[in-house]
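Novice: After the structure tokens below, expect a handful of questions from me.
Only the coordinates and a few stated rules stand behind these numbers; no lab work does. Since this is a predicted model, take the numbers as computed values, not measurements. Here Cβ is always computed from backbone atoms with ideal geometry, including for glycine, and neighbour counts include all displayed protein chains.
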Amino acid sequence: MTELTAVRPSTQVSAARSLLDFYVTGMRTQIQTQFQYRAAIYMYTLGMVSEPVIYLVVWRTIANQHGGTINGIGAGQIAAYYIVWTLVRTFNIVFTPFGWEERIREGQFSSQLLRPLHPIHYDLAWFAGHKIPWIVLYAPIAVALSLVFHPVLHPSALGIVVFVIAIWGAYVIRSLNGFVLGMLTLFTTRATSIFQIWFLAELLVSGRLVPLTLMPHWAQSVAAWLPFKWTFYFPIEALVGSMSTSALLTGLLWQLLWTAIGGILVFTTFRLAVRHYSAVGN
Amino acid sequence: MLDGVTGVVHVDGLRKVFKVPEREAGLRASMRSLYARRWREVRAVDGVSFELQPGEVVGFLGPNGAGKTTTLKMLSGLLHPTGGDVRVLGHVPWKRERDYLRRITLVMGNRNQLQWDLPALDSFELNRAIYRLPREDFTRTRDELIELLDIGDLVRKPVRQLSLGERMKVEVVGSLLHLPQVLFLDEPTIGLDVTMQKRIRHFVASYNERYGATVLLTSHYMADVEALCKRVIVIHHGRILFDGLLDALADEFGAYKTIEAVLGDGETVRMQVPRAETSAATARLLAEHDVHDLTVEDPPIEDVIEQVFAS
């Protein structure tokens, strides 16, 4: 009879390195999966591009009717905003709270609970890998949009660096928020109505529907105290706008704060939510 | 290990009560439930106690809704119990400590942990990272299990192209890559054809023999139980009705025995007699007829189990 020795985890590597190994493996798995469906990605991307293109056309038309600018923003800057918007949106795709019902019903949540890793890591790793093929396939669409709409953007070197960090920060904040919201499914079967309110708020005060600078001052003040702005408007403006160094760095600090709040909420509510889990039907 | 806890699995007075909403059909009942919701308590597991020793393979039997799967889910840490005490490998399962989850597995016949679009080898690789297995150990174990279940040609195909039986075999290997010491198998052969069932059975037996793992198995196929388990625990309405050797189950609950005799003229006589009258009936048969061959058999295990539930 063989001794059960392989049950022990590797002691040669640190927990952080093991987690990194999981992220790399999980991302690689998702990249492979996504590349199986190249045609589907193109169709989804085209569908997704239609949203900013509609906003772009509407705001450009309004700008042209007002002598080429709205609130000092030119048509070329509006084009830049919405083209970068699409890139940020692609980065912002996370596991939707609406998917939790199926995740529970199909037994995927049980599978995750049975493994020695917090389920948030699956979502973070999966969708980090998921977006790589999407961005690769989105690049030609971005070029086409640029040729049609002539965006104007002159980012600073710091703006580019902050943008690269901020799109990942935005992704992490949205993932954590989505996870906390999704866990509501364990408490109530009608959680989707709460999700709708959340996403409506996000649509209105994140800079997704309208650049925040075009919103009334009171709406901008409200947006400053909510997480949404830091997941859409801030990364876009870091690249497109002319934010000062201090505004760029403060923005990253806000992202850090919302990441910490999201992380604390995930880990505290998870313990409570799992107690309510009934694992029915799988 | 706690005081008084000797087994690998120690279950004492385990209870799980689900509170489920209840209402009559129809619009009026639906409106009434808005302000006066009625709840009903379902005792899925009601004071279950047992102990499993290292290396034991125990059958956990019961009809649908008896509380088998709920018990397994509590033992594996998926569900929090309403009451009772459980220790598995010295751990309280619902604390879901990493060290605990690394040492157990729960295989459910209808569960899919594999990546649908990719070959199973990729899912195995992911498990290596999740369980933090040293690569050399992982490769050795993976190849060993693949060989044991003879699925070398299946693990390179995308999972979506595998049949149900093939997927189940691959699923089982994926669940054992970290070499768990305790296996909770919930109907691992459900929906499989006879050959596949046999393969899985043989594999579980080999794994148990090779690694000395403790196995708690639920199945509606008595062939699984007869092939793998010396001991069975029978549960019904959340309570244990029997806990002992499979052979003893027939002694205790088998209401009849089957006597088959080949007579001198070649005729075969087959009769079922009440258990208590077996000796007398056999003696009378031998005295009154020219008997060339005689066998006395316990009833099929399915009938015995049915008798247990009926009791």
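Novice: Mind checking which aspartates and glutamates have their C-alpha under 15 Å from B:Lys230, skipping anything on the same chain fewer than 8 residues away?
Specialist: B:Glu51, B:Glu56, B:Glu209, B:Asp243, B:Asp247, B:Asp251
Novice: With only Lys, Arg, Asp and Glu charged, each at its Cβ (+1 for the first two, -1 for the last two), find how big the charge dipole of segment B:216-311 is about the Cα centre; round to the nearest 20 debye.
Specialist: The calculated dipole for segment B:216-311 is roughly 440 debye.
Novice: Ranking A:Phe199, A:Phe109, B:Phe18, A:Phe179 by Cβ neighbours within 10 Å, fewest first, what do you get?
Specialist: Numbers: A:Phe199 18, A:Phe109 22, B:Phe18 15, A:Phe179 25.
Ascending number of Cβ neighbours within 10 Å: B:Phe18, A:Phe199, A:Phe109, A:Phe179.
Novice: Turning to a different aspect of this structure: Just rank A:Phe22, B:Phe60, A:Phe232, fewest to most, by other beta-carbon atoms within 10 angstrom.
Specialist: A:Phe22, A:Phe232, B:Phe60
Novice: Taking the convex hull of the alpha carbon atoms in segment B:234-274, what volume per residue do you get, in Å³? Walk me through the numbers before you get to the answer.
Specialist: On the way: hull volume 3.4 nm³, N = 41.
Given the Cα convex hull of segment B:234-274, per-residue volume reads 84 Å³.
Novice: Continuing with the same structure: For chain A, take every pair of Cα atoms, bin their distances at 5 Å starting from 0, and report each bin as a whole percent.
Specialist: 1, 5, 10, 14, 17, 16, 14, 9, 6, 4, 2, 1, 1, 0, 0, 0, 0
Novice: Roughly how crowded by other chains is peptide A:26-36, in terms of the mean Cβ count from those chains within 10 Å of each of its Cβ atoms?
Specialist: 3
Novice: Further, regarding this structure: With Kirkwood's inverse mean 1/r over C-alpha pairs for Rh, give me the Rg to Rh ratio of segment B:84-134, two decimals please. If you can, show how the numbers build up before the last one.
Specialist: On the way: Rg = 13.8 Å, Rh = 13.0 Å.
Taking Rg over the Kirkwood Rh, I get 1.06.
Novice: Please report the spacing between the Cα centers of segment B:223-252 and segment B:44-86 in Å, no decimals.
Specialist: Using only Cα atoms to place each centre, the spacing works out to 14 Å.
Novice: Would you mind ranking B:Lys73, B:Lys16 so that the residue whose beta carbon has the fewest other beta carbons within 10 Å leads the list?
Specialist: B:Lys16, B:Lys73
Novice: Moving to a separate point now. Checking the cross-link filter: which aspartates and glutamates have an alpha carbon closer than 20 Å to that of A:Lys229, excluding same-chain neighbours under 8 positions apart?
Specialist: Output for A:Lys229: A:Glu51, A:Glu202, A:Glu237.
Novice: Express as a percent, rounded to the nearest 5, the fraction of DSSP beta bridges in segment B:9-250 (both residues included) that run antiparallel.
Specialist: Of the beta bridges lying entirely in segment B:9-250, close to 60 percent run antiparallel.
Novice: What percentages, rounded to whole numbers, describe P(r) for segment B:254-310 computed over all alpha carbon pairs with 10 Å bin width beginning at zero?
Specialist: Bin by bin from 0 Å, the calculated values are 24, 47, 22, 7, 0.
Novice: How much space per residue, in cubic angstrom, does the convex hull of the C-alpha atoms of chain B take up?
Specialist: Dividing the Cα hull volume of chain B by its residues yields 211 Å³.
Novice: DSSP H helices in chain A with Cα extent of 18 Å or more along the helix axis and mean Kyte-Doolittle hydropathy at least -0.5?
Specialist: A:15-35, A:38-65, A:75-91, A:119-149, A:157-183, A:191-205, A:245-276
Novice: Given the options B:Ala281, B:Ile259, B:Leu228, identify the residue whose Cα lies farthest towards the positive end of the charge dipole of segment B:224-311 (+1 on Cβ of Lys, Arg; -1 on Cβ of Asp, Glu).
Specialist: The residue sitting farthest along the positive end of the dipole is B:Leu228.
Novice: Counting helices only, and only those DSSP H runs with n ≥ 4, report the 222 nm mean residue ellipticity of chain A as the sum of -39,500 (n - 2.57) divided by its residues, in deg cm²/dmol to the nearest 500.
Specialist: -24000 deg cm²/dmol
Novice: May I have the pair-distance distribution P(r) for segment B:212-311, computed from all Cα-Cα distances with 10 Å bins from 0 and rounded to whole percent?
Specialist: Pairs per bin, as whole percents: 14, 38, 25, 17, 6, 0.
Novice: Taking every DSSP beta bridge that has both residues in the protein assembly as shown, what percent is antiparallel when rounded to the nearest 5?
Specialist: 70
Novice: Another question, then. Looking at A:Ile93, B:Pro63, B:Val9, which one has the Cα that reaches farthest to the positive end of the dipole of the protein assembly as shown (charges on Cβ: Lys, Arg +1; Asp, Glu -1)?
Specialist: A:Ile93
Novice: To make sure I understand the rule: partners must be lysines, Cα under 21 Å from the Cα of B:Lys157, and not fewer than 8 residues away in the same chain. Which ones qualify?
Specialist: B:Lys169
Novice: What number, in nm² with one decimal, is the all-direction average of the projected area of the convex hull of the alpha-carbon atoms of segment B:19-92?
Specialist: Mean projected area of the Cα convex hull: 6.9 nm².
Novice: Under a point-charge model restricted to the Cβ atoms of Lys and Arg (+1) and Asp and Glu (-1), what is the dipole moment magnitude of segment B:9-250 relative to its Cα centre, in debye to the nearest 20?
Specialist: 1140
Novice: I would also like to ask the following. How long is segment B:100-174 along each principal axis, judged by its Cα atoms, biggest number first, in Å?
Specialist: Per principal axis, max minus min of the Cα coordinates gives 30, 23, 22 Å.
Novice: Mind putting a number on the dipole of segment B:254-310 about its Cα centre? Charges go on the C-beta only, +1 for Lys and Arg and -1 for Asp and Glu, and I need it in Debye to the nearest 20.
Specialist: Value, rounded to 20: 220 debye.
Novice: With both bridge residues required to lie in segment B:147-273, what share of the DSSP beta bridges run antiparallel, to the nearest 5%?
Specialist: Values: 12 of 17 bridges.
Bridges in segment B:147-273 are about 70 percent antiparallel.
Novice: Could you order peptides A:233-246, B:156-169, A:263-276 by the average number of other Cβ atoms within 10 Å of their residues, highest first?
Specialist: Numbers: A:233-246: 21.2, B:156-169: 16.8, A:263-276: 14.4.
Most protected by this proxy first, the peptides run A:233-246, B:156-169, A:263-276.
Novice: Give me the Debye-computed log₁₀ of I(q)/I(0) at q = 0.07, 0.13 Å⁻¹ for the protein assembly as shown, equal point scatterers on Cα only, no solvent, two decimals.
Specialist: -0.57, -1.32
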